[in-house]
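Asks: Sharing a structure with you now.
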């Protein structure tokens, strides 16, 4: 039977591994980072990841949940709000239901939040299984709202076109700091302005792709 002290130590070790993995995955790419590298970066023994998480995919899922649980919950709440509305949502409402939680994360936790976005940008196009394991996949009910908004859109292409729009947003947001004129991180004000312009661009794309 584990003791409270053992539990605290185990939680602390898992936190060290998650944060070490987060840094490495964001900087080097998920595929390029080995379990051995994560253990070494965390200053732990070579069996630590296997003991606390099992596999690299399980560790990745833990990294996604660590910051992404709040993003996921906010997106699901936004989608439920759209579903409860009697009228069909606008393109702006659809896009912001998904994207606003990303901005809120970055304004709360700038450095770690951007690492998380970079990781999502890496693994989302391939539909990595860790996304679903961590509950980071978009809810099917969101597509129901897209269909409400665009009832005449080609049903065979609607999901793909929506996915293209969301992926475009994530990829661009993950590189937001590269647009900083001073070479550092965008200020909160400049980040928000960048986000607003990006959302405006994505909304236009959604309307063009799905409303045609």
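Values quoted throughout were computed directly from the atomic coordinates according to the rules given, and no laboratory measurement underlies them. From a predicted model like this one, the values you see are computed outputs, not experimental measurements. When we count neighbours, we look across all protein chains shown, and the Cβ atoms used for this are built from the backbone with ideal geometry, even at glycine.
Asks: Once the Cα atoms of helix 4-28 and of the chain are each reduced to a long axis, what angle between those two axes, in degrees from 0 to 90 to the nearest 10, is obtained?
Replies: Value to nearest ten degrees: 60.
Asks: Sort 167, 114 so the one with the fewest other Cβ atoms within 10 Å of its own Cβ comes first.
Replies: With the sparsest Cβ surroundings first, the list reads 167, 114.
Asks: How far is helix 110-123 tilted off the main Cα axis of the chain, in degrees rounded to 10, range 0 to 90?
Replies: Between the helix axis and the principal axis of the chain, the angle is about 80 degrees.
Asks: For the stretch 5-79, what Kirkwood radius comes out of the mean inverse Cα-Cα distance, in Å?
Replies: On the way: mean 1/r = 0.0774 Å⁻¹.
For the stretch 5-79, inverting the mean 1/r across all distinct Cα pairs yields 12.9 Å.
Asks: Sorted from fewest to most neighbouring beta carbons within 10 Å, what does the list 53, 201 look like? Walk me through the numbers on the way to the answer.
Replies: Details: 53 21, 201 15.
Ascending number of Cβ neighbours within 10 Å: 201, 53.
Asks: Turning to a different aspect of this structure: How large is the helix-only mean residue ellipticity at 222 nm for the chain, computed as the sum of -39500 (n - 2.57) over DSSP H runs with n ≥ 4, divided by its residue count, in deg cm²/dmol to the nearest 500? Don't skip to the end; give the middle numbers.
Replies: Values: 10 runs with 154 residues, N = 212.
It comes out at -24000 deg cm²/dmol, rounded to the nearest 500.
Asks: Would you please give the FRET efficiency between residue 192 and residue 156, computed as 1/(1 + (r/R0)^6) with r the Cβ-Cβ distance and R0 = 30 Å, to the nearest 0.05?
Replies: On the way: r = 37 Å, r/R0 = 1.23.
Calculated transfer efficiency: 0.25.
Asks: Right, next: Quick one: order 33, 65 by neighbouring beta-carbon count within 10 Å, fewest to most. Please list the in-between numbers first.
Replies: On the way: 33 21, 65 17.
Going from least to most buried by this count: 65, 33.
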